[in-house]
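The values are calculated or read from the model by the stated rules, or taken from the named source; none is laboratory data. Small disclaimer: the values here were computed from a predicted structure and weren't measured. So basically every Cβ, Gly included, is an ideal-geometry build from the backbone, and we count neighbours across all protein chains shown.
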Amino acid sequence: MPTLTLEDLDFTEILTRNDPRVIEACREIGITDMSSIYVDAWSIGHEERWGFNTRLQQGLAYYRSSEHDNQYAHPLDFSVVVDTEKKEILSVDIRRVNGERTAVPLDEHNYLPEFISESYKPERIKPINVTQPEGVSFTMDGNELSWCGFSMHVGFNYREGIVLSDVRVDDPYEKRERTLFNRISMVEMVVPYGCPEPPHHRKHAFDVGEYGSGFMTNSLQLGCDCKGAIHYLDGVVAISSGEAAVIKNAICIHEEDNGLLYKHTDFRDGSVISARDRKLVISQIITAANYEYGFYHIFHLDGTYQVEMKLTGMLNTYPLHPSEEAAPYGTEVAKRVTAHNHQHIFSLRIDAEIDGPSNTVIQSDAVAADDEVGSPGNYYGNAFYCKKTPLRTSKEGAAQYCHETSRTWDIVNPNVLHPVANKPVSYKIVSRESAPLLAKPGSVVWKRAGFARKTLWVTPYRDYELFPAGDYVPQSQGTDGHPHNGTIVDWVERDEPIENTDIVCYLQFGITHFPRTEDFPIMPAEPVSIMLRASNFFLKNPALWVPPTTVNVDKLSTLAFSDLKISENSC
Ligand code: ABN
Ligand code: CU
């Protein structure tokens, strides 16, 4: 089914409030004011009762005691299924436990300052102002962005949100521009919930493919979402009427100080050099019903490209019946309020162009030498090396992270040899936060979110292959689905050569979230990130051009060993 639009989701709340079955279900638990009922409309992960030919949504119901009350503190024990085309409620599913309804938890858990009273302490924290007296170090020419040697085009669409293309870097030693990525974007994500009991089995949100990260993008506000000297870009999307809509300030471009870039102190005489790093951040924030996701595409002065996701917003909650416990599939985050275990798995599509159009991926595993201790090749037993395995076909390119070997993958250009290292130039994929999909093989989620079964997929570039869970994600069935709605699993089945050719990598990363009480009533942002780091790409540290913040070669530093004195005040 096509992506749900915000207009599709909007009417579910009104329909639900006015449905006689819902009114009766609310009356039964003591709620008679239907304007206090709020409904989060979601795509439906799985619904066997109406098959796959009707556009469906599910509505998750909450209560608010006042207009700005936190509804996630008051989840209700029923949900609805809606026919999106007919705008009709097909079913009101009330969960009864031992034949009983579950009372709505009424304790208030709010986070707005007006609700916080004595635990709100604004006087504790003093302002931090970010000033850039000479302006920013990046330039924009339309959507062309240049910063400290990097150049790229910043695009935006309804589905992926930010798209970076034609990413290049100026090599300070070779004195030429070198290509890095043809196109890079967050093409999918899945949030499967881990409670087996209905209605939670149908909660596995594909926030990119089902709703569109572009559609859900916030208009950012200066000094609030971002600090300092900001350049904003608007996003333009087509809404369900077919008209264009502008999301003001959809993309934020700014720089941040990033602590140490490098430092060395000569311990003999205390002479010291150090330089500060800074990042260029291109970001957007989406509101996916209860959750917020910050997408940060970050460039560093040492040539690193990083993607950081920040997860915040509200936990999806459910009421606990007095006979129930939240464990093992959830946490009681407030009295009689459960938040279920779930995962957030993101898919970053990297259309690589490392120093040219033809690339290969080589898997790197840190392993102990094969030679036994005491043998001539490893007499002292200390030897270890980087075991390199070229991924030759897309079936070999379907790889899993391995913590034991600190596994990384190098996207190399086999046609360009580094003059000193004598290895092909490369960018290394470093991804240590790789949550393995926990839904069982054969399950609905496993089929629908086939992309999440592996950390890495590599395919030869093909036009129109962009979205690893298929072009049409709502109500998709994954690999058993429609032949014209191919997924990464189908593309990899072709088992085509991926060596020294135009390749595309899909990198999955994320977290398994066992909710904590600290995630309630609003979640402190949790970051999760991946990096692509230059690896035998530049002749040497590419950031030596950066003016150091400290250069002190005249023995002025007090850090010289010979100068150290133990005083009463030393710590
Ligand atoms: N998290 C599911 C979702 C996302 C966007 C809109 C509705 C629901
Ligand atoms: Cu979470």
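Tabulated data for the structure shown
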{"quantity": "Count of residues meeting criterion [at positive phi and either within 31 Å of the chain's Cα centre (by Cα) or of a type in the set (Lys, Arg) (or both)] in the stretch 83-127", "calculated": "1"}
{"quantity": "Residues within the stretch 200-225 that are more than 16 Å from ligand 2 (Cβ to nearest atom), part of a strand (DSSP E or B) and either of a type in the set (S, T, N, Q) or in contact (Cβ under 8 Å) with a residue 40 or more places away in the chain (or both), tallied", "calculated": "1"}
{"quantity": "Residue match in the stretch 342-355 (condition: touching a Pro at 6+ places or on another chain (Cβ under 6 Å) and away from ligand 2 (no atom under 16 Å from the Cβ))", "calculated": "yes"}
{"quantity": "Condition broken by residue 389, with the remaining ones in (1) surrounded by fewer than 18 Cβ atoms within 10 Å (Cβ to Cβ); (2) assigned to a loop (DSSP other than H, G, I, E, B); (3) of a type in the set (Ser, Thr, Tyr) satisfied", "calculated": "(2)"}
{"quantity": "Failed item in (1) under 30 Å from the mean Cα position of the chain (by Cα); (2) part of a loop (DSSP other than H, G, I, E, B); (3) modelled with pLDDT of 95 or more, with residue 130 passing the rest", "calculated": "(3)"}
{"quantity": "Qualifying residue in the stretch 119-126 (condition: touching a residue at least 24 places away in the same chain (Cβ under 8 Å) and farther than 30 Å from residue 236 by Cα)", "calculated": "no"}
{"quantity": "Whichever residue in the stretch 485-530 is small (Gly, Ala, Ser) and over 22 Å from residue 410 (Cα atoms) and, among such residues, is farthest from ligand 2 (Cβ to nearest atom)", "calculated": "486"}
{"quantity": "Flag for residue 318 being in a strand (DSSP E or B), surrounded by 21 or more Cβ atoms within 10 Å (Cβ to Cβ), modelled with pLDDT of 95 or more and touching a Ser or Thr at 6+ places or on another chain (Cβ under 6 Å)", "calculated": "yes"}
{"quantity": "Residues satisfying the stated conditions in the stretch 421-448, i.e. buried (at least 22 other Cβ atoms within 10 Å of the Cβ), of a type in the set (A, V, I, L, M, F, W, C) and within 30 Å of residue 356 (Cβ to Cβ)", "calculated": "425, 429"}
{"quantity": "Single residue of the stretch 32-48 satisfying the filter (surrounded by fewer than 18 Cβ atoms within 10 Å (Cβ to Cβ) and closer than 19 Å to residue 104 by Cα) that is farthest from the chain's Cα centre (by Cα)", "calculated": "32"}
{"quantity": "Out of 327, 275, sole residue that is over 20 Å from residue 208 (Cβ atoms), more than 16 Å from ligand 2 (Cβ to nearest atom), assigned to a loop (DSSP other than H, G, I, E, B) and not charged (D, E, K, R)", "calculated": "327"}
{"quantity": "Verdict on residue 375 being under 30 Å from residue 110 (Cα atoms), surrounded by fewer than 17 Cβ atoms within 10 Å (Cβ to Cβ), more than 16 Å from ligand 2 (Cβ to nearest atom) and not β-branched (Val, Ile, Thr)", "calculated": "no"}
{"quantity": "Count - residues of the stretch 11-61 that are of a type in the set (Lys, Arg) and under 25 Å from residue 291 (Cα atoms)", "calculated": "2"}
{"quantity": "Residue match in the stretch 137-156 (condition: part of a strand (DSSP E or B), more than 16 Å from ligand 1 (Cβ to nearest atom), within 25 Å of residue 451 (Cα to Cα) and modelled with pLDDT of 95 or more)", "calculated": "yes"}
{"quantity": "Residue, nearest to the chain's Cα centre (by Cα), within the stretch 151-180, restricted to residues that are over 26 Å from residue 218 (Cα atoms) and buried (at least 22 other Cβ atoms within 10 Å of the Cβ)", "calculated": "180"}
{"quantity": "Residue 228 buried (at least 18 other Cβ atoms within 10 Å of the Cβ), in contact with a strand residue (DSSP E or B) (Cβ under 6 Å, 6 or more places away or on another chain) and touching a residue at least 60 places away in the same chain (Cβ under 8 Å)", "calculated": "no"}
{"quantity": "Among (1) more than 25 Å from residue 312 (Cα to Cα); (2) part of a loop (DSSP other than H, G, I, E, B); (3) free of Cβ contacts under 8 Å to residues at least 40 places away in the same chain; (4) not basic (Lys, Arg), the one test that residue 436 misses", "calculated": "(1)"}
{"quantity": "The stretch 27-60 - residue that is closer than 18 Å to residue 73 by Cβ and assigned to a strand (DSSP E or B) and, of those, farthest from ligand 2 (Cβ to nearest atom)", "calculated": "37"}
{"quantity": "Qualifying residue in the stretch 122-130 (condition: among the polar types (S, T, N, Q) and either under 30 Å from residue 321 (Cα atoms) or touching a helix residue (DSSP H, G or I) at 6+ places or on another chain (Cβ under 9 Å) (or both))", "calculated": "no"}
{"quantity": "Residue that is nearest to residue 185 (Cα to Cα), among those in the stretch 278-297 that are away from ligand 2 (no atom under 16 Å from the Cβ) and more than 13 Å from the chain's Cα centre (by Cα)", "calculated": "282"}
{"quantity": "Any chance residue 326 is hydrophobic (A, V, I, L, M, F, W, C) and away from ligand 1 (no atom under 14 Å from the Cβ)", "calculated": "yes"}
{"quantity": "Condition check for residue 240: of a type in the set (Ser, Thr, Tyr) and over 22 Å from the mean Cα position of the chain (by Cα)", "calculated": "yes"}
{"quantity": "Matching residues, the stretch 1-26, being away from ligand 1 (no atom under 16 Å from the Cβ) and assigned to a helix (DSSP H, G or I)", "calculated": "17, 18, 20, 21, 22, 23, 24, 25, 26"}
